[in-house]
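Take a look at the structure below.
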Amino acid sequence: MGVIACRKGFKEAEERCFRKLSFIGYLLCWPMKLTFICRLVNVFLGDRMCEGRSPVNVGFGESYATGEKISSEMKMDFSLNVQYKLVIPGQQVDQLTPQDVTRTIKNEFDVHKRYFDYIFKIICRILGFMFILVFVQAKNYNNSYLREIQFDNFYITAYFRHIDARRKRKGKRTLLPLKRAEKNELLDVLDLRMSADERSKIVKGSIRLIFQILVVSIILFVDNLLVDVLLILQRYSWIDYHQLVCLPSPRLSDVKENTLIYIIYALIWILFFIEAYGIRMRSRICGFFYPKRSKKRILFLYNEWLKRRHSYLHYMKQKIRKAARRNRLTSFKPTFLDKLQRKKPFLAKLFTLFVPSGRKCLLCEEPEKADFHFCENKKCDFCYCRQCWDEIKQCYACNTKDYDNGSDLTDDVDDW
């Protein structure tokens, strides 16, 4: 029957082809005549085509139809109505009811809350007296200011400049302007530069603040991530719970609140710098109330750094002399600007305004400036800053003889 139906199908297709293509149908419709294809199944299967040794189970057709019906129903929207009934047995004497568990948990929470409130009140009372530490620290600073002359004594004041200007008028050694190494240890109260101790405090405080910001950022990120997950579940699922009305409702954190948190941290970081500059005022305030003590401290500071500079220059002189005697003094390789300095000093100074030179003072290693003194010996490539040259009056890279100008430090300080 299958073969007959196959041949009938080929015949109908041939007739339709000839109706559509009347003249050229003889050329294009000839494949419809190949009805021997319908016999290919018989050729391969032979007599096994119609064997009935494996009959279909009873009820297979009904099961198939039921499955098709279920499949079509699953593709459509459907609702599920679940009804249930709680069967509560009779209450026993030693049985704990949900109400008993609730009361027990509430009592435990109330007990712990009372302890927490008591401890919190004690902490608040203690913090309320923390302002007393401000007066204690102020008293300790005042005592140290009066007893220890070196305590917090590294600020350049107006009296410091007055001493330096008076020594300059007398033709004596001065400290101002400071050397590069001295600028890191001597500061003006109103100077924007910071000492190494101040920078260290700011760096440590900034590191602690960064860790706190990272922790807060992680908490905010997890909060937003959890809200996004709950919103996705709420958006793509439709579930009604009539007995669970206390489920959390996700809510995004306010952007203003998050921004305020980071603004507060930024203000805390700015307070680090305000604290660093504000602490300097302690010395100025004590100097206002103790003017004589302030002058003694400044005289000591000026005298101390005058000794240090004299000792350092003396050390560098000896070091340069020894290196020059042993021919170990590294010669500076002259550049184009250095050669121009020898021939046209005015043009060289003009160029150094735009292109810094690599030269440094042989004694204090200060970078080259317009007032540097170059050795008059053409074979010597070294230079000195104005202050160092006023101290030595000669090039120690060329002259290795022992020579020392001495120091007028002690007599000058006694005259003050």
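Can you tell me which residue among M130, M74 is modelled with pLDDT under 70 and either out of contact with any helix residue (DSSP H, G or I) (no Cβ under 7 Å at 6 or more places or on another chain) or surrounded by 10 or more Cβ atoms within 10 Å (Cβ to Cβ) (or both)? If you could, list the steps in order and put the result at the bottom.
Working: M130 fails: modelled with pLDDT under 70.
From the options M130, M74, the qualifying one is M74.
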Original post:
Which of the residues that make up the stretch 283-297 are open to solvent by 70 Å² or more (accessible area, probe 1.4 Å) and at pLDDT 90 or above?
Top reply: I285, F288, F289, Y290, P291, K292, K295, K296
Original post:
S357 passes all but one of (1) hydroxyl-bearing (S, T, Y); (2) outside any helix (DSSP H, G or I); (3) at pLDDT 80 or above; which number fails?
Top reply: (3)
**OP:** Could you tell me whether any residue of the stretch 372-385 is in contact with a strand residue (DSSP E or B) (Cβ under 8 Å, 6 or more places away or on another chain), modelled with pLDDT under 75 and among the basic types (K, R)?
**Re:** no
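Where residues in the stretch 150-177 are basic (K, R) and open to solvent by less than 70 Å² (accessible area, probe 1.4 Å), which of them is farthest from R308 (Cα to Cα)? If you could, list the steps in order and put the result at the bottom.
Narrowing the stretch 150-177 to residues basic (K, R): 161, 166-170, 172-173.
From the residues that got through so far, the ones that are open to solvent by less than 70 Å² (accessible area, probe 1.4 Å) too are 166-167, 172-173.
Working: R166: 20, R167: 17, K172: 16, R173: 13 Å.
Residue satisfying both the conditions and the ranking: R166.
Given the criteria at pLDDT 85 or above, out of contact with any Gly (no Cβ under 8 Å at 6 or more places or on another chain) and open to solvent by 60 Å² or more (accessible area, probe 1.4 Å), does R193 qualify? Break it down into steps so the answer makes sense when it comes.
Numbers: at pLDDT 85 or above: no; out of contact with any Gly (no Cβ under 8 Å at 6 or more places or on another chain): yes; open to solvent by 60 Å² or more (accessible area, probe 1.4 Å): yes.
So R193 does not fit the description; no.
Any chance you could count how many residues in the stretch 254-282 are charged (D, E, K, R), open to solvent by less than 90 Å² (accessible area, probe 1.4 Å) and under 30 Å from R147 (Cβ atoms)? Steps first, please.
As a first pass, look at the stretch 254-282 and keep what is charged (D, E, K, R): 254, 256-257, 275, 280, 282.
Filter once more, keeping what is open to solvent by less than 90 Å² (accessible area, probe 1.4 Å): 254, 280.
From what is left, the residues that are under 30 Å from R147 (Cβ atoms) are 280.
Final tally of qualifying residues: 1.
The values are calculated or read from the model by the stated rules, or taken from the named source; none is laboratory data. Here the structure is a predicted model, which means the values were calculated and not measured. Cβ: placed from backbone, ideal geometry, glycine included. Neighbour counts: every protein chain shown. Just so you know, the surface numbers come from the protein's heavy atoms only, side chains and all, with ligands and any DNA or RNA stripped out. Shrake-Rupley method; radii C 1.70, N 1.55, O 1.52, S 1.80 Å.
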